[in-house]
1. What residue, among those in the range A:49-67 that are facing chain B (nearest Cβ under 10 Å) and open to solvent by less than 30 Å² (accessible area, probe 1.4 Å), is farthest from residue A:111 (Cα to Cα)?
2. Looking for whichever is assigned to a helix (DSSP H, G or I), aromatic (Phe, Trp, Tyr) and within 14 Å of chain A (Cβ to nearest Cβ) here; the options are B:665, B:695, B:689. Which one fits?
3. When you scan the range B:53-63, do you find a residue that is at pLDDT below 80 and among the charged types (D, E, K, R), even just one?
4. Out of curiosity, is residue B:658 assigned to a helix (DSSP H, G or I) and open to solvent by less than 90 Å² (accessible area, probe 1.4 Å)?
5. Which one of these does residue B:136 not meet: (1) in contact (Cβ under 8 Å) with a residue 60 or more places away in the chain; (2) farther than 24 Å from residue B:237 by Cα?
6. For the range B:728-735, check the following and say yes or no: at least one residue is at pLDDT 75 or above and either farther than 17 Å from residue B:613 by Cα or loosely packed, with under 11 Cβ neighbours inside 10 Å (or both).
7. So if I check each of B:400, B:325, which one is touching a residue at least 24 places away in the same chain (Cβ under 8 Å), surrounded by fewer than 24 Cβ atoms within 10 Å (Cβ to Cβ), in a loop (DSSP other than H, G, I, E, B) and in contact with a helix residue (DSSP H, G or I) (Cβ under 7 Å, 6 or more places away or on another chain)?
8. Looking at (1) open to solvent by 20 Å² or more (accessible area, probe 1.4 Å); (2) assigned to a helix (DSSP H, G or I); (3) more than 14 Å from chain A (Cβ to nearest Cβ); (4) not basic (Lys, Arg), which one does residue B:61 not meet, given that it meets all the others?
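The values are calculated or read from the model by the stated rules, or taken from the named source; none is laboratory data. All values derive from a computational prediction rather than experimental measurement. Here the Cβ is made from the backbone with ideal geometry for all residues, glycine too, and neighbour counts use every protein chain on show. Side chains are part of the model used for accessible areas, which takes the heavy atoms of the whole protein and leaves out ligands, DNA and RNA. Shrake-Rupley method; radii C 1.70, N 1.55, O 1.52, S 1.80 Å.
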Amino acid sequence: MKINDLILRSVTKLIVFIILTLAIYLFFSGHNAPGGGFIGGLVLASAIVLLLLTYDIETFKYSIPFDFKIVAAIGSLIVLLTGMGAVLFGKPFLTQSFATINIPFIGLREISTVTFFELGVALAVVGVVITIILSISEDV
Amino acid sequence: MLTLNMAIFLPFLASLLIPFIYRRHFKIHIGWFVLIVPVILFITLITYLPQIKQGDSFTETLNWIPTFNINLTSYIDGLSLIFGLLITGIGALVVFYSIFYLDFSENLGHFYTYLLLFMGSMLGVVFSDHMMILYAFWELTSISSFLLIAFWYQRKGSRYGAKKSLLITVFGGLGMLIGFLMLYQITGTFSIRETFELIIPLKEHILFTPALILILLGAFTKSAQFPFHIWLPDAMEAPTPVSAYLHSATMVKAGIYIVARFTPIFGGDAVWFYAVSITGLITLFWGAFSAIRETDLKALLAYSTISQLGLVMSLFGVSSLSLHPTITINEVLYTQAAFAALFHLVNHSTFKGALFMVVGILDFKIGTRDIRRLGGLMLFMPISFSIALIGSFSMAGLPPFNGFLSKEMFFQAMLSVNEFDFFSLNTIGVLFPIIAWIASVFTFIYSMIIVFKTFLGKPKEKKLSQAKEASFGMLLAPSILAIFIFLIFIFPNVLADNILKPAVFNIYPNLENNYFEPIKAWHGFNTELFMTMGVVVIGTVIFAFYRRWNIVYKLFPKFLSFDALYNNSLIFFDRLAKNTTSKYMTGYLRHYFQYVFITFTLLVGFTLFKLNAFSFSLTGDEPIGIFEWILAITIIIAGISMIITSSRLTAIVINGYIGFTIALFFVLFRAPDLALTQVVIETVTTALFLLALYFLPRWEEKRAPVRERRQNFIIAASVGLVFTLVALSVKSGRLFTSISSFFEDSDEKAGAANIVNTILGDFRAFDTMLEVIVLFIAGIGVFTLIKANKKRGAHNLEDK
């Protein structure tokens, strides 16, 4: 029997973008509201998992040609480097700093080095989750 | 000018650079680039010489972890300067020599990376004042030595030797670490210089002797002292430049450095004196005695190194007597021993370095270093012969070479031992010069073996007659050393005044008398001279009748040697570990879960019971709402149905249901962060479960035996019980004050309103960072576990 997954495929195409948007929203909102790097990364990973469930691995690899091991490595590296950044300014390792500045067209915003740290966390989470899922499913 | 900290890190920086600039098809030998490093460092260290000679010392501190008072304090005084000059001076010669020894077909990138790594860490050892930093560099030298011995990792012998040296030296290093920690317990400082002063009233402390023994353990293993000497002969599998550099001139002297450095702390103590001098003497004798048996020239040199290290060690043992309270420090008698030790240390580096390089030349040119296959090379390789002659005669303690001077001083020091009235030395002290003399006879014999069996006599094989002298470049480094051997004999006091004496004052900080007898080659017909003459006469006789008596070596059965002990204990521990592991690693996931759960219940349950921590009260609780009731009841139903279902898919879906319901609980209790995380994690985990489902074998309807089911029931029930009890106790009782007030002002402190994320990303960022790393390692672990099998059958490089 051929599985008819037309509905799943069509819905996925649309919904993946919604999930991805949600992931990015969660990532940035983490500073002052629920969200953050870990959750953002996980939501992003779940969007990819949905893609993997719907389509096969080849299609997935064709459309998202990343090596997720490297994504995870870059994430971990960013986490380490943000820590080292503070050392360059003579502060203890992993000191985070923040400032409120006026960005043109956007207005007063607070920017913080935590965002980079969280970016590293998010990338590491996405990379590791997808690496694990891909390597298990490719083992068939 | 280079600062001292920079000097330590320059080799490290250079070794970092090498992988980037090294290419296999490089036109210029990478060694020329490497050579710059020791040359610069040597010149830098020379510039310190005039001030060090005045008795100055230099300190430079770089704050590393100021909170724990761990700072990179570099400290240079006369003692560390000697070692620094040896490391960089011999280092430069060895690098130069290696340029001709190792050609382009070798993996030069690896070689020089390791070599520079070693150079940096060795400089770190001698220039560090902080014991923990010293320890870190100390272990780094072990690791770089391991890498260098295993440079030709295709050979079984190299891997064996590398592992042996690492196991033994790191074992001793760990002992030394504990010794340092004990010293810290006694004095409260990790600084070696501060310990000098603080230790004086604290010598009766209960940890004093254990610390002493443990630090000596580190020194003895590193300096290949009996019975830890067994790793050094096996380390000779390394390329010859490495043997000349690490395993004769520098690394093996790190232990001697430690003994010299800690003499002001431990000196005058009976245990210290006996341990250092007796071990040194036994090593001196045993090394010399064993060297004669060897037919491989490098193994012979290895044993001779062991023996010479023992000599220096025993001198430091004797020199520690002058710190005994009854001796006034300004008596020359025993301080002269430390002087002799340092003198011989330098001399040994010159003649042993030269000899190693000559043996390397033989190996390189002829392809063997077995004395049974060599002979008659004097005519074909005259320069190598001359260098070997100078080196060996110096080692044997003959004039006109530097070894003669330090050997005479050694005899003098040993003769002085029984003038000491304590430690019952006026009776057994007589043994010291006797053992020293016998060992010197053996030293003389093996020195003669090196020269006569290799270069004199008839060529034993045809190809020896076609041997050609090595190239100029290869001969240059050993020739320089040979010239030094001679120069030091003629002008010993230049070396003594400029380099050795400042170091002696560092060993005895309270020494005021700056009078040392100037070294003289001729000092009349005294006992020392007669001892040397006796060595030559008796040694020649024994050497002539070597074949008659070498049967002695067969008296020691192989299975009683320390090598056998090492091998057997390795096999024993291997087997023990394997047997223990195979007992509980059954390969069944359910067994592993049982271990985890049983341990958990027992530990937590016991703690709960023991501390009387269980408390349960309903006061102050909110009434349970209707939603909560519904959710709780559905979870219970789901839990029960998960047990009785006969399909894995159903079980996974039900498990997912429970997870999502818990997320709903979080929503009810107004914890949006937790709810969000729970939902996403549950989604991803369910997907993973489904994936894993594919690989599981078919569900079998067979039910487990009653006994096992009963057992599982008990485990499951007790886990549930303990968890419930813990949860109830956490809610009801407060053991600790809340820390949440610390985070309340997160907005001012970190500019973020979300406290949870501020804790994760800022206040406790270190935890998060490590968690990310752990996650990354886990991901790579899963990947390699699954993918590693796929690449089996890769080209096998190792021989058996």
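1. Going residue by residue through the range A:49-67, those that are facing chain B (nearest Cβ under 10 Å) are A:49-50, A:52-53.
With open to solvent by less than 30 Å² (accessible area, probe 1.4 Å) added as a condition, the list becomes A:49, A:52.
Values: A:49: 31, A:52: 35 Å.
Of everything passing the filter in the range A:49-67, A:52 is farthest from residue A:111 (Cα to Cα).
2. After applying the criteria, what remains is B:689.
3. Yes, the range B:53-63 has at least one match.
4. For residue B:658, the condition - assigned to a helix (DSSP H, G or I) and open to solvent by less than 90 Å² (accessible area, probe 1.4 Å) - is met.
5. (1)
6. Looking for residues that are at pLDDT 75 or above and either farther than 17 Å from residue B:613 by Cα or loosely packed, with under 11 Cβ neighbours inside 10 Å (or both), one finds none in the range B:728-735, hence no.
7. Answer to the check: B:400.
8. (2)
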